[in-house]
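What follows is one structure encoded as structure tokens, with my remarks underneath.
Coordinate-derived values only; no laboratory data. For clarity, every value in this text was computed on a predicted model and none was experimentally measured. Ideal geometry is used to build each Cβ from the backbone, glycine not excepted, and the neighbour counts take in all protein chains shown.
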Amino acid sequence: MKKIILLVFICVFCFGCKARYELQINEDLTVNENITGLETDTFYNQYYKSTKERVINSIMYMDNEYLNNVGYSKKIVNEDNLTGATVNKKFNSLEEYFELSKAYTQFYENFDYKINNGVVTIDLKNQLLISYDRGDKYLIDDCDVVITLPFKVKKSNADYVNKETNTYIWNLDADTQKDIYIKFDTKMGADLKDNSISIISFVIVGIAVIVIIGIIYFIYDKNKKSNEI
């Protein structure tokens, strides 16, 4: 009963948290999903009669059955003076991930995906606003969605792209409506090399070899003429 009372109290007075959603799609099409939610000390100080761990467990109470049934692992984390929890799960395939993961429901109304001849399209639309009347939603102020994959991305609307790691990042907040779209080909690997650097390096090495050969020939020719004298 005490846990239920604390849960209701938290749902009423909860501040918005900072979240990070990370999706790692692997070459064998297995999927690693990692979700982190963090709060400041100011938030936890509201519940001075409880520990941070107890508050976190109470917040996650409504999802415990789902997380346990699907097989997520959970742990308490501390990052940059923020405290919260992270849950993660490895899915055996993209299809299993699309079928079982429900994380998108915290931020979006619609989640559409297609797999057509190895080309995968993920499309999330109708971003949900913070609602203090919804007991099944966390109050998320801002969230970074991070997708890393080893495949050729044909199209995306990511806010930021790290070409070295083929990582696509969307910065979401409670006040701005933003869709998430990414389309990638699982039959084509991502080109993570900088071709311009490779060409320059090849040219430099080639010139160096020519110079060395020229020096060797010059020394050889000079010694040969000296011997003839």
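May I ask you to evaluate 6.51 cos²θ - 1.76 cosθ + 1.60, the Karplus curve with θ = phi - 60°, for each residue of segment 113-124 and list the ³J(HN,Hα) values in order in whole Hz, giving x for glycine and proline?
Taking θ as phi minus 60°, the curve returns 9, 9, 10, 10, 6, x, 8, 10, 10, 10, 9, 10 Hz for segment 113-124.
If packing is taken as the mean number of other Cβ atoms within 10 Å per residue, what is the order of 118-127, 105-114, highest first?
The most tightly packed comes first, giving 118-127, 105-114.
Could you derive backbone 3J(HN,Hα) for segment 152-168 from the dihedral phi with the Karplus parameters 6.51, -1.76 and 1.60 (θ = phi - 60°), listing whole Hz in sequence and x where the residue is Gly or Pro?
Coupling constants for segment 152-168: 5, 8, 7, 6, 7, 10, 4, 6, 8, 10, 9, 5, 5, 10, 6, 10, 10 Hz.
Going by a ≥ b ≥ c, the root eigenvalues of the Cα gyration tensor, does segment 15-105 fall in the rounded group (a/c under 1.5), the prolate group (a/b larger than b/c) or the oblate group?
Verdict is prolate for segment 15-105.
Rank-order 144-150, 72-78 by packing density, defined as the average count of other C-beta atoms within 10 Å over each peptide's residues, highest first.
144-150, 72-78
So what J values fall out for segment 81-94 if you push phi through Karplus, 6.51 cos²θ - 1.76 cosθ + 1.60 with θ = phi - 60°, rounded to Hz, Gly and Pro as x?
Computed from phi, the couplings for segment 81-94 are 6, 10, 10, x, 9, 10, 10, 8, 7, 9, 9, 6, 6, 4 Hz.
Amide H of Thr30 versus every other amide H placed in the peptide plane: which residues, excluding those fewer than 5 positions away on the same chain, fall under 5 Å?
Counting only residues 5 or more places away or on other chains, the set is empty.
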